[in-house]
Amino acid sequence: MRTWPSDRVVLGGDYNPEQWPDATLDDDVARMRECGVGFATVGVFSWALLEPEPGRYETAWLDRVLDRLHDAGIAVDLATATAAPPPWFARLHPDAMPVTRDGTRLSHGSRQTWCPSSPDYRRRSLALVELLARRYAGHPALAMWHVGNEFGCHNLMCFCDTSAAHFRTWLQGRYGTTADPADALDSLNEAWGTTFWSQRYTSWDDVVPPRATTAIPNPTAELDWRRFCSDASLEQHLAERDLLHELSPGVPVTTNFMVGFSFDGLDYHRWAPHQDVVSNDHYLAAHLPDAHVELAMSADITRGLAGGDPWVLMEHSTSAVNWQPVNTAKPRGQMLRDSLSHVARGADAVGFFQWRASRAGAEKYHSALLPHAGTDSRRWQEVVELGRVLDAVSEAAGSRTEAHVALVHDYDSLWTTDAASTPSTLHRYRDELRAWYGAAWRAGLTVCGEHPEADLSRYRVVLVPSLHLVSDAGAASIAAAAEAGAQVLVTYFSGTVDPDDHIRLGGYPGAFRDLLGVRVEEFVPLLPGTTTALRTPPGSAVPALDRVRGSVWSEWGRAEPGTEVVAEFADGPCAGDPAVTRRAVGAGSAWYCATRLPDDGTDALVAALAAAAGVRPVVPGLPPGVDAVRRRGDGGSWVFVLDHTGEGARVPLAGTDLVTGRACSAEEPLVVGPGGVAVVREGPGGSP
Ligand code: GAL
């Protein structure tokens with residue numbers, strides 16, 4: 001996997017000069033130089049300008065933009081412009097407009113109005129890609145290709161007849177082990193459990209997407225549909241990418257992911273291996289009290305998708321967005337902190353949507369690098385300061401973030417946990433992920449997102465929150481990590497179903513029963529507002545769990561001989577049954593948690609895991625809310641320190657803070673101001 005651009009931490013963003021008179025270009029470029037913009041993503045939504053009529057292309061304006069950016073030394077991430085087809089596309093190809101689950105055919109007038117399975121969209125988009133690739137492959141400004149934009153954001157699912165046919169072909173590929181489609185249909189019936197509710201298929205013609213229906217849809221059909229939708233968009237991505245590789249060899253190709261709180265549509269574990277550079281868009285979840293922790297989790301998962309290598313933050317915002325219920329502004333200092341949190345976690349490029357705030361259109365109230373108020377504004381001063389800081393920390397580009405804790409996550413588990421008809425709608429996959437990620441974050445431990453089937457044995461702590469669906473290979477890889485010496489924590493509702501979404505019989509948590517030495521007979525989800533107390537037996541490995549109250553979930557179960565009960569349920573229907581357990585496995589341990597713990601509980605358990613694993617915070621002893629992350633490379637190591645407490649901190653590090661240029665040492669510790677940031681190049685003797 002390559003990083004891009006390779007030798008600096010670079011500032012940039014979406015640049016849409018077509019929204020402005022030609023003369024604005026000169027001013028834009030001058031301002032970009034003033035704040036240190038090093039890359040611009042151009043052309044994302046310009047199909048209607050590039051091809052005003054079918055087959056008639058106008059590229060002179062884009063030539064001008066690329067030439068001008070190149071003269072200014074600004075690298076171009078050139079979009080294939082296929083994200084939003086022009087209105088004429090809808091007129092010529094009404095069948096290519098997406099259809100919703102209830103059968104409504106959507107119209108043009110917004111963006112991403114195309115069915116991912118449409119052959120007309122494929123043909124017309126590839127014609128545009130070919131035109132752009134042939135014209136710009138040799139342009140000196142071209143540094144990367146940007147396929148589409150945020151695949152699946154608005155058109156993830158289309159329920160039209162074309163999609164239905166595509167879905168059937170996909171299913172035949174999944175279930176066909178012989179040349180006979182009837183065998184594949186038998187396998188599908190088996191996998192989908194269609195004897196239930198009289199759903200047995202006897203003809204492929206009857207297999208359709210899970211359109212609106214009377215009651216709970218078939219869960220495995222729904223799961224396969226979600227897998228298919230991810231793959232259908234991936235097919236479009238690969239078609240564009242392959243053409244770019246052929247016509248523009250050597251230029252990396254990416255598409256921007258949306259790893260974060262608001263999107264769960266694509267299986268990025270399947271997408272990531274197809275990226276020359278992994279890039280991500282992240283927008284703060286203003287409704288979360290700890291939005292900066294959600295940001296950190298997104299960045300750590302993105303780095304995992306990039307195989308631990310540096311990646312590109314393609315978009316975030318300088319301040320407000322335009323699509324949340326209340327689009328609040330970022331307080332002073334937050335844009336810099338957010339940006340450096342991504343850089344600490346491996347981003348070597350910091351991009352924004354967008355360069356110049358729009359005057360018109362759906363996003364005119366979205367913040368930008370150059371705000372409506374112009375350069376005579378505090379936001380602009382912050383942008384200039386951000387450019388200066390990124391330049392100052394550029395020596396860290398190419399280095400890798402150090403992490404000893406894995407957070408195992410998976411889209412099949414997300415989709416099946418958040419589906420209809422599970423034991424509790426209070427249990428949401430990402431809440432459980434965030435709960436355990438948050439505990440590691442508060443403990444000062446750096447985390448990396450990993451797929452269950454990745455090699456987890458290089459981690460000292462492996463967190464496995466609610467991995468509802470797991471393959472045998474995934475379960476084996478998690479067990480192997482414990483054997484190899486990791487402290488592995490599995491939480492409730494994990495291992496329950498196989499990849500067909502069928503229950504693993506004989507007691508929960510199915511695939512993890514032997515590893516954990518726990519056998520659960522029945523789930524006992526808790527009603528809203530209800531909690532259950534925990535009690536620790538004498539000699540418990542985590543006495544701090546005594547009297548902590550669990551919520552959302554409890555279970556009737558037992559610890560098998562050799563499994564230690566760390567805490568049990570003290571009241572309610574599960575009183576006396578294990579709530580938290582530990583079992584020695586090989587050189588490590590396998591822990592189980594059967595309820596949703598409040599923060600003090602997750603914190604106590606993560607502290608115990610870290611102590612048993614011998615993992616220490618990056619900077620021990622920091623006040624809660626002061627984030628410290630280390631990147632390490634050939635040129636040295638750098639510790640990023642971000643103060644989210646608003647109170648500032650004295651930090652025992654030795655070296656030079658690249659943000660201020662000041663030295664720090666055992667005698668003169670680093671001082672980070674309230675809400676401030678520091679990036680310390682660790683000095684020869686390292687940190688005290
Ligand atoms: C992203 C998108 C951008 C812009 C931005 C607004 O999802 O890629 O084009 O819409 O959101 O926050």
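Structural remarks
- Any cysteine of the chain lacking a neighbouring Cys Cβ under 4.7 Å - listed by number: CYS35, CYS153, CYS160, CYS229, CYS448, CYS574, CYS593, CYS664
- Whole-percent pair-distance distribution, where bins are 10 Å wide, for the alpha carbons of the range 106-208: 12, 30, 25, 21, 9, 3, 0
- Computed from phi, the 3J(HN,Hα) profile of the range 401-408 under the Karplus parametrisation 6.51, -1.76, 1.60 (θ = phi - 60°) reads 6, 8, 9, 10, 10, 9, 10, 7 Hz, with x in place of Gly and Pro.
- Euclidean distance between Cα centres, the range 145-197 to the range 448-526, Å: 27 Å
- From the alpha carbon centroid of the range 572-594 to that of the range 313-375 is 44 Å.
- Scattering curve values for the range 1-100, log₁₀ I(q)/I(0), Debye with Cα scatterers, q = 0.14, 0.15, 0.23 Å⁻¹: -0.62, -0.69, -1.20
- Beta bridges from DSSP with both residues in the range 13-93: antiparallel share about 10 percent, rounded to the nearest 5.
- In range of the label at ILE503: residues from the range 199-222 whose backbone nitrogen is under 20 Å from the point 7 Å along Cα→Cβ: 199, 216-222
- Based on the convex hull around the alpha carbon atoms, the range 551-688 presents an average projected area of 11.6 nm².
- Cα-based equivalent ellipsoid, the range 175-332: semi-axes from gyration tensor eigenvalues, Å: 37, 24, 13
- Calculated from the alpha-carbon coordinates, the range 401-551 shows an Rg and a Dmax of 15.4, 42 Å respectively.
- If you bin all the Cα-Cα distances of the range 361-473 at 5 Å, starting from zero, the percentages per bin are 2, 9, 14, 12, 10, 10, 13, 12, 10, 5, 1, 0.
- Extension gain (nm, one decimal) between ALA215 and GLU246, 0.36 nm per residue minus Cα-Cα: 6.4 nm
- Nitroxide proxy distance, nm - points 7 Å out along Cα→Cβ at VAL671 and VAL208: 7.1 nm
- When the alpha-carbon atoms of the range 40-177 are used, the pair Rg, Dmax equals 16.9, 56 angstrom.
- Translational diffusion coefficient (Stokes-Einstein; Kirkwood radius from C-alpha pairs) of the range 606-672 at 25 °C, 0.890 mPa s, in µm²/s: 187 µm²/s
- Taking amide H as placed 1.01 Å from N in the peptide plane, VAL44 has its amide H under 5 Å from the amide H of ALA79, each at least 5 places away in sequence or on another chain.
- Descending semi-axes in whole angstrom, ellipsoid equivalent of the range 427-493, from the Cα gyration tensor: 18, 16, 9
- DSSP finds beta bridges in the chain, and of those with both partners inside it, around 50 percent are antiparallel.
- Per-residue extension of 0.36 nm, minus the Cα-Cα distance of ARG458 and LEU238, leaves a gain of 76.1 nm for this segment.
- Direction-averaged projected area, Cα convex hull, the range 559-626: 5.9 nm², rounded to one decimal.
- Taking every alpha-carbon pair in the chain and binning the separations at 20 Å intervals from zero gives 17, 48, 31, 4 percent.
- Calculated [222 nm] ellipticity per residue, helices only, for the chain: -9500 deg cm²/dmol; basis is -39500 (n - 2.57) per DSSP H run with n ≥ 4, divided by all residues, nearest 500.
- Dimensionless Rg/Rh of the range 305-363 - Kirkwood Rh, Rg from C-alpha atoms: 1.03
- With R₀ fixed at 56 Å, the C-beta to C-beta distance from ALA392 to ALA48 puts the FRET efficiency at about 0.90.
- Near the amide H of LEU467, within less than 5 Å, lie the amide hydrogens of THR491, SER494, GLY495, all on another chain or at least 5 residues away, with H placed in the peptide plane.
- The fewest-to-most ranking of SER394, SER421, SER367 by surrounding Cβ atoms within 10 Å reads SER421, SER394, SER367.
- For the range 255-400, alpha-carbon Rg relative to the globular expectation (2.2 N^0.38 Å, N residues): 1.03
Bear in mind that the values in this text are calculations on the coordinates, not laboratory data. Here the structure is a predicted model, which means the values were calculated and not measured. Heads up, the Cβs are rebuilt from the backbone with ideal geometry, glycines too, and the neighbour counts pull from every protein chain shown.
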